[in-house]
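Following: one structure in structure tokens, then a few remarks.
The values are calculated or read from the model by the stated rules, or taken from the named source; none is laboratory data. Note that the structure is a prediction, hence the values are computed from the model and not measured. Cβ atoms come from the backbone with ideal geometry, glycine included; neighbour counts cover every protein chain shown.
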């Protein structure tokens with residue numbers, strides 16, 4: 001132990017370290033005033049404005065007309081553009097599912113959709129109130145009578161039942 005302490009004390013001297021020393025002050029001659037002679041006989045130069053290449057589509061100049069809030073512009077669209085949409089009664093807009101499951105659903109507060117399907121599978125879950133589309137993010141449920149566990153807000157949106165309910169009948173379309 002004593003040998004190690006002596007070796008550590010002697011090592012900085014052997015390694016060539018220099019003990020700290022105070023910083024040298026800056027000489028006062030470095031702070032002398034410097035005079036620069038200037039006169040008004042020099043030529044003046046002016047910078048011209050930008051050429052048209054620097055003007056963008058939204059460039060504002062003296063002739064630009066700005067529309068004040070609440071006023072109607074003199075030009076522009078007067079009505080909405082009509083969009084050609086297919087008739088919803090002509091058929092289904094979604095492709096047929098790979099399979100359909102019917103059973104019971106319940107909720108749990110994990111924030112995911114749990115089924116006995118691979119993660120990442122897209123499903124549409126329909127109850128008495130409405131349908132929602134979700135992605136399977138967890139495995140479950142264990143009981144064979146239940147086919148899906150849903151996030152609590154999703155469950156109550158599908159079932160349309162009071163908040164004390166815990167199970168509802170659903171149809172699950174697997175895509």
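Quick one: in segment 132-149, of everything that is part of a strand (DSSP E or B) and in contact (Cβ under 8 Å) with a residue 24 or more places away in the chain, which residue is farthest from residue 103 (Cα to Cα)?
Among residues in segment 132-149 that are part of a strand (DSSP E or B) and in contact (Cβ under 8 Å) with a residue 24 or more places away in the chain, the one farthest from residue 103 (Cα to Cα) is 138.
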query = How many residues are in contact with a helix residue (DSSP H, G or I) (Cβ under 9 Å, 6 or more places away or on another chain), surrounded by 18 or more Cβ atoms within 10 Å (Cβ to Cβ) and in a strand (DSSP E or B) when one looks only at segment 99-125?
reply = 4
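Kindly provide the set of residues from segment 158-170 that are surrounded by fewer than 16 Cβ atoms within 10 Å (Cβ to Cβ) and outside any loop (DSSP other than H, G, I, E, B), ordered by number.
167, 169 - these are the residues of segment 158-170 that are surrounded by fewer than 16 Cβ atoms within 10 Å (Cβ to Cβ) and outside any loop (DSSP other than H, G, I, E, B).
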ask   = residue 44 is checked against (1) at pLDDT below 75; (2) outside any loop (DSSP other than H, G, I, E, B) and fails just one. What number does that condition carry?
value = (2)
